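These notes are about the structure you will find just below.
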2 protein chains.
Amino acid sequence: MRFEMICTGEEVLSGQIIDTNAAWVAQVLMDQGIEMQRRLTVGDRIDDLVAAFESCAGRADVVLVNGGLGPTADDLSAEAMARLLGVPLALNSEWLETMTALFASRGRTMSDKNRKQAMLPQGSVMVDNPIGTACGFRAFYKGTWYFFTPGVPSELKRMVHEQLLPWLASTFPIDAPTGLHRLLTIGQGESNLAQLLEPIPLPAGVTLGFRASLPYIEIKLLQRHKVDADDWQRLLIEYRKVLGDALVGENLKSVPEAVHQLLLQKGQTLATAESCTGGMVASQLVDLAGSSAYLTAGLVTYSNEAKQSLLGVSTATLDSFGAVSLETVVEMAQGARERMGTDMAVSISGIAGPEGGTEEKPVGTVCFALATQDGCYAQTLFLGARSRNAIRLLAATVALDMVRRALLGLPLCAEYGYLTRTDSRRV
Amino acid sequence: MRFEMICTGEEVLSGQIIDTNAAWVAQVLMDQGIEMQRRLTVGDRIDDLVAAFESCAGRADVVLVNGGLGPTADDLSAEAMARLLGVPLALNSEWLETMTALFASRGRTMSDKNRKQAMLPQGSVMVDNPIGTACGFRAFYKGTWYFFTPGVPSELKRMVHEQLLPWLASTFPIDAPTGLHRLLTIGQGESNLAQLLEPIPLPAGVTLGFRASLPYIEIKLLQRHKVDADDWQRLLIEYRKVLGDALVGENLKSVPEAVHQLLLQKGQTLATAESCTGGMVASQLVDLAGSSAYLTAGLVTYSNEAKQSLLGVSTATLDSFGAVSLETVVEMAQGARERMGTDMAVSISGIAGPEGGTEEKPVGTVCFALATQDGCYAQTLFLGARSRNAIRLLAATVALDMVRRALLGLPLCAEYGYLTRTDSRRV
């Protein structure tokens, strides 16, 4: 099946809105084993719309059209399709009733403007929108199905899952995939991962994909059809072996999410002591509802004074070894754990740049420590010559991965690929 | 001039990468008075590429092609263009030398693979890339110029600014805009802003645009040609009047950036005490290089215990008024300022949801306080029934806007549109 997409709207074309709908649709279809072939983005001019629709006719089996179903004058998708088909717009009384009821249920009267949203090209098939006033529709022209969807992301998503996918499955019987397994990695580039995994043969019916979402690269294993269970398990075991510590989660969105779940499960408490990450670690945890159960306190000790007064780091340590040193992060983590009375404390101090690097400690040098009842483990990693924000993001992820590894009883001294360890210590 | 864009690459088409290059290019051209007319996204198949290039021929004056200039087998843009032109690929010895020198300067030997990047369609014009191995080029076919650019965002951006824009200006003399003024707002929706500004007539040559970038809406005033200076000043004065406190900056990227600059200029120090924002305020400041000069400490006191031990909030206050109250945020801000010895301290405590809301304090209720040498001002705002992350982002912005307003000597009791104040106090 040949699947294409047409995105409409001046805001999308002019870059005022970044087109996340397009990426979302492509990913959802990919997970169903359907590959997007081509995407065309046009504005709100009727001639451009008609030309865009015409340009896919006969080539594509299905074209998903997104946007242009609203009540205002610049919403022209239905009119453009009617023009292409050479038919008038006709009132769909079923949708008019649905809209009237929707407005009534919200205690409002429908304006005349919305009536336009029930005008569909004659002969087209209405597609339900359970959460908005823009109904979808589908129409057939020169061997191609056009499937019209609303621009509002939540309405699009619901329509794709509840209407498009079942209709596709019944109209174009494809070998629907039976499962998707995601492996979350840090510290390896995409090309490097591809090279590492290349020698491992994929069982019949399994395809491999990558998705970069900084600081992670996600490896996606798609079962396009039923795969032998033993082959599948063998594959996962081999992947885990090759990926080693760079694998930080499976079927998980992020390391903070993993830590969040583990801390809640184990009933342990955490304190953070952050310098160059400046509160990012704490903020990533607080972003997850329920984190108040374990995150006792987060300390952003960006200045030496705060490291001393809040965490009790000694002047001697700061003077002799500097703020970015194993000695300092150890005192930060121990100080945070003792003063906050938590089970664990993690600390970070590093050089995020663009200034402040030296030959001995270049930009990208970050020290980490984790204090638990078993003692304190500290390490220095070189995260690479990256942007300030990329270094901070990587550092926050490594720090939380130390917490994750401790909670799982794994060695803290992990090997992450291009993140090079330059020093470590256990006290 | 008719300008179109072709984006190439499976990752972009399949949604693994969200196409931020496309939005960036459209915005930069819009700022030059050039409107994007159409955008086509295709994968890495040679036939699709040739068909895509062909489909613009004769219609567009200029087509910017992005991506497909790398060294690997799936980088096919030059080959596809050569096929369309009916010419062979020819070695560009100037670029081969440039690349060889680039590798030598990094102490590396160029691999044979990179030689491919110097193979351009015969007769095309090389376009310099000062920071990468993918040179651009331009070629003419059936009345249309094709301008080829690298997919790496930093390389694309540099090439557009240094090569494309000057070439466009000399080849297609357009009425280049003479200025762009950006007004950063919070607390107003886009349609609401449009309605507020509609009655104010725009002087000849000025166009108005909006860009949503949460939690901000940016208003863009573009001078398409020379505008009468008095008319322009009158316009800005009227806009400022109508926008009121919702206007949080002009020609600035963000409120943290404004606060960063003001604190550095005035030599003042700041401490933060965050509950529901969980370190986001501190992290937004630490993201800006140089923030160590003023950010003495950030305290993430998500638990009541931490509010007491780190900030000295009294048990009586927490028991009587709760963690989300004016009384608590006042003690948080005062405690942070006194204990950290800073000029200013800002505190935040709120209900970010999805759980924890009550009838009296629904999700979206956030209390703020700012302590300075002049005393402490506290307020409660209802930020709306939004997602956890949206509420936290808005809260961080409001908190830093209080700091900004104090530093500028503006009243702290600002009116932000849909962010409703439910209570306030000065102590």
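No lab work stands behind these numbers, since they all come straight from the coordinates. Here the structure is a predicted model, which means the values were calculated and not measured. So basically every Cβ, Gly included, is an ideal-geometry build from the backbone, and we count neighbours across all protein chains shown.
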- With everything on Cα atoms, drop me the angle between helix B:388-407 and the longest principal axis of chain B, reported from 0 to 90° to the nearest 10. 70 degrees
- Message: Over the Cα atoms of the protein assembly as shown, each weighted equally, I'd like the Debye log10 I(q)/I(0) at q = 0.04, 0.07, 0.10 Å⁻¹, rounded to two decimals.
- Response: -0.20, -0.63, -1.33
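Looking at the range A:104-142, which trypsin sites (Lys or Arg not before Pro) are in a loop (DSSP not H, G, I, E or B) and have at most 12 other Cβ atoms within 10 Å? Show your work: numbers first, answer last.
Details: sites: A:106, A:108, A:113, A:115, A:116, A:138, A:142; in loops: A:106, A:108, A:142.
Here the trypsin sites (Lys or Arg not before Pro) that fit, given the DSSP loop and packing criteria, are A:106, A:108, A:142.
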- Task: Treat each spin label as a single point 7 Å out from the Cα along the C-beta direction, and report the residue B:97 to residue A:190 distance in nm.
- Result: 3.5 nm
- Query: Tell me, in nm to one decimal, what length is gained between residue A:427 and residue A:142 on full extension, where the rule is 0.36 nm per residue of separation less the Cα-Cα distance?
  - Reply: 95.2 nm
- Message: List residues of the range A:225-258, by number, whose backbone nitrogen lies under 16 Å from a label position 7 Å along Cα→C-beta of residue A:265.
- Response: A:248-258
- Query: GluC sites (Glu not before Pro) within the range B:283-361: which are DSSP loop residues with at most 14 other Cβ atoms inside 10 Å?
  - Reply: B:355, B:359, B:360
- Message: As I understand it, the value is the acute angle between the Cα axis of helix B:93-105 and the longest principal axis of the Cα atoms of chain B; what does it come to in degrees, rounded to 10?
- Response: 40 degrees
- Length-normalised contact order of the range A:18-164 in % [C-alpha pairs under 8 Å, at least 6 apart]: 25 percent
- Message: Give me P(r) over the range A:131-257, computed from all C-alpha to C-alpha distances, binned every 10 Å, as integer percentages.
- Response: 11, 31, 26, 23, 9, 0
- Rounded to whole Å and sorted largest first, what semi-axes of the equivalent ellipsoid does the C-alpha gyration tensor of chain B yield via the square root of 5 times each eigenvalue? 51, 26, 20
- Note on the structure: Over the protein assembly as shown, the sum of -39500 (n - 2.57) across DSSP H runs of at least four, divided by residue number and rounded to 500 deg cm²/dmol, gives at 222 nm -11000 deg cm²/dmol
- Task: Give the nm distances, rounded to one decimal, from residue B:125 to the matching residue in every other copy, measuring between label points 7 Å along Cα toward the beta carbon; shortest first.
- Result: 5.2
- Counting only backbone N atoms under 16 Å from a point 7 Å out along Cα-to-Cβ of residue B:204, the residues of the range B:219-241 in range are B:223-232
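What whole-number volume per residue, in cubic angstrom, does the convex hull of the C-alpha atoms of the range B:255-426 give?
101 Å³
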- Task: Please report A:45, A:240 as a ranked list, fewest other C-beta atoms within 10 angstrom at the top and most at the bottom.
- Result: A:240, A:45
- Cα centroid of the range B:67-107 to Cα centroid of the range B:251-267, whole Å: 44 Å
- Note on the structure: dims of the range A:1-71, Cα set, principal axes, largest to smallest, nearest Å -> 32, 27, 21
- Note on the structure: Which of A:284, A:32, A:233 fluctuates most in a GNM of chain A (C-alpha springs under 10 Å)? That residue is A:233
- Expected response for nearest chain B Cβ to the B-A rotation axis, distance in whole Å, is B:279, 1
- Any idea what angle helix A:229-243 forms with the longest principal axis of chain A, computed on alpha-carbon atoms, 0 to 90 degrees, nearest 10? 50 degrees
- Contact order normalised by residue count of chain A, Cα under 8 Å, 6+ apart, percent: 10 percent
- List A:1, A:30 from most exposed to least, where exposure is judged by having the fewest other Cβ atoms within 10 Å. A:1, A:30
- Message: Can you compute the FRET efficiency between residue A:161 and residue A:373 using 1/(1 + (r/R0)^6), with r the Cβ-Cβ distance and R0 = 35 Å? Round to the nearest 0.05.
- Response: 0.15
- Averaged over residues of A:306-313, the number of beta carbons from other chains lying within 10 Å of each residue's Cβ is 3
- Query: Relative contact order for the range B:159-318: what is it in percent, counting Cα pairs under 8 Å that are at least 6 residues apart?
  - Reply: 20 percent
- Message: Just want the ordering: B:376, B:413, A:56, B:367, from fewest to most Cβ atoms lying within 10 Å of their own Cβ.
- Response: B:413, B:376, A:56, B:367
- Query: Stokes-Einstein at 25 °C, 0.890 mPa s, Kirkwood radius from Cα pairs: D for the range A:3-171 in µm² s⁻¹?
  - Reply: 153 µm²/s
